[in-house]
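Below is one structure; the comments refer to it alone.
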Amino acid sequence: MPVSKPKILFFNPVRHATPKLEAVSRVAQVEVVSSRSREEFFHDIQDKYQDIKAIYRTSASGAVVGRFDEEFISRLPPSLRFICHNGAGYDQIDVDACKARNIAVTYAPDPVTNATADLTIFLLLGALRQLNAAIFSVRRGCFKSGLDFGQDPQGKTLGILGMGRIGRAVVRRALPFGLKALYFNRTQLSDEQAEGATYVSLDRLLAESDIISIHVPLSQTTRHLIGAKEIATMKPGVVIVNTARGAIVDESAMADALDQGQIAAVGLDVYEREPLIDERLLKNERALLIPHLGTHTTETLAQMEELAMENARRGVMGEELLTIVPEMLPKS
């Protein structure tokens, strides 16, 4: 009697790394979720998906079933042992609930670094040069009339809030533009890791930076890390760039400060209540806004898919996982 393949449930179809999907399909039974709502998924999990061993998910998985919160995790079958997330940010997953159920969670941190850092520099320069207003001026047929002047990056101070992989990659890209870099992090890095940036307190970073770029993960401690109080301590005319998570910044307070001129410009890829965006940001031409495209390249998405699928394959085959989320790693 042939041995049945372990089942991997995909919450989103693979669009780029199809050769990797074919390889995984040779050793595991692959199925894409057909449930159209959270309630329907809870019904399907009782029979159709009752013996799945791993879940492959992306940041878009919540569109169907919502957050992988404690209730969701509690309804998963006993066979489920791995949740393999295709992305660096995994705040949509209740890791503590997974730990309680002995479910390992993996993520894909490395592939996102370059694409997100590249986009950060685009937003930084675009906001600094006030390019959003200029783009709309051209499309309205006004060409160059009525436009404010932008600013050069040379000699400006860039404050990096969070010096993980992406923060360090942004510093490497920023220094050739003549920017001086400060950083605040939970721990001070070695000189080699700091990439030429200077470690400072959060208060000093907020007070001295001409541009602030946000790269911390979203958690209970970082939600609204930047609010009205923190914005008030920043330099008048500061530029804020966020390619991390929208809820790290109080979006309403940021919109207020932008309208009042305390903030000169913002470059945003992420929003507090995506896909909803504060109406004041949408109306303000000094807000350079893009719809969460940090990793939206074919090469990066393929690498993310490959890593998430490799973790799923390793999990169901009993091999060592590659990128377990830090909260689940043994403490040194």
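Here, each number is a calculation from the coordinates, and none is a lab measurement. Only a predicted model underlies this, so the values are computations on that prediction, with no experimental measurement involved. All Cβ positions, even for glycine, are placed from backbone atoms using ideal geometry, and neighbour counts span all protein chains on display.
Straight-distance candidates among the aspartates and glutamates for linking to K331, with alpha-carbon spacing under 14 Å and chain neighbours fewer than 8 residues away dropped, are absent. Magnitude of the charge dipole for segment 1-94, about its Cα centre and with charges confined to Cβ atoms of Lys, Arg (+1) and Asp, Glu (-1), is about 440 debye. With K and R counted +1 and D and E -1, the other residues having a Cβ less than 11 Å from that of P19 yield a net charge of -2.
Cross-link reach is defined here as a Cα-Cα straight distance under 29 Å, omitting same-chain residues fewer than 8 places apart; for K48 the lysines meeting it are K5, K7, K20, K99.
A simple charge model with +1 on the Cβ of Lys and Arg, -1 on the Cβ of Asp and Glu and nothing else charged puts the dipole of segment 43-170 at about 440 debye relative to its Cα centre. Charge dipole of the chain (Cα centre as origin; +1 on each Lys and Arg Cβ, -1 on each Asp and Glu Cβ, all else neutral): 400 debye, rounded to the nearest 20. Excluding the site residues themselves, the longest part of the chain lacking any GluC sites (Glu not before Pro) in a DSSP loop with at most 12 other Cβ atoms within 10 Å is 1-191.
Each label was represented as a point 7 Å from its Cα along the Cα-to-Cβ direction; for V27 and D110 these points are 1.8 nm apart. Axis angle, to the nearest 10 degrees, between helix 165-174 and the longest C-alpha principal axis of the chain: 30 degrees.
Measuring between their Cα centroids, segment 96-125 and segment 187-202 lie 21 Å from each other.
Seen from G146, the other residues with C-beta closer than 15 Å to its C-beta sum to a net charge of +2, counting Lys and Arg as +1 and Asp and Glu as -1.
Can you tell which of F122, A197, V216 lies farthest toward the positive end of the dipole of segment 113-289, using +1 and -1 charges on the Cβ of basic and acidic side chains (Lys, Arg; Asp, Glu)? Ranked along the dipole, the leading option is F122. Other residues with beta-carbon under 12 Å from the beta-carbon of P77 carry, at +1 per Lys or Arg and -1 per Asp or Glu, a net charge of +3.
For Y199, the residues 5 or more places off, or on other chains, whose built amide H falls under 5 Å of its own are Y183.
Beyond 29 Å, the tail of the calculated P(r) for the chain holds 44 percent of the Cα pairs. Sequence-ordered 3J(HN,Hα) estimates for segment 130-144 from the Karplus curve with 6.51, -1.76 and 1.60 and θ = phi - 60° stand at 6, 6, 4, 4, 5, 4, 5, 4, 4, 5, 7, x, 8, 6, 10 Hz, glycine and proline given as x.
Name the residue from G261, S137, I226 whose Cα lies farthest towards the positive end of the charge dipole of segment 113-289, charges +1 on Cβ of Lys and Arg and -1 on Cβ of Asp and Glu. Of the listed residues, the answer is S137. Checking every one of the trypsin sites (Lys or Arg not before Pro) in segment 28-57 against DSSP loop status and a limit of 12 other Cβ atoms within 10 Å picks out R36.
The trypsin sites (Lys or Arg not before Pro) of segment 108-211 that DSSP puts in a loop, and whose beta carbon has at most 12 other beta carbons within 10 Å, are R140, K144, R186. In the chain, a dipole from Cβ-located charges (positive for Lys and Arg, negative for Asp and Glu) runs towards its positive end, and of V112, A244, M328 it is V112 whose Cα lies farthest in that direction. Size descriptor for segment 113-289, Kirkwood hydrodynamic radius: 16.2 Å (Cα pairs only, one decimal). A viscosity of 1.306 mPa s and a temperature of 10 °C, combined with the Kirkwood radius over C-alpha pairs in the Stokes-Einstein formula, give segment 1-160 a diffusion coefficient of 83 µm²/s.
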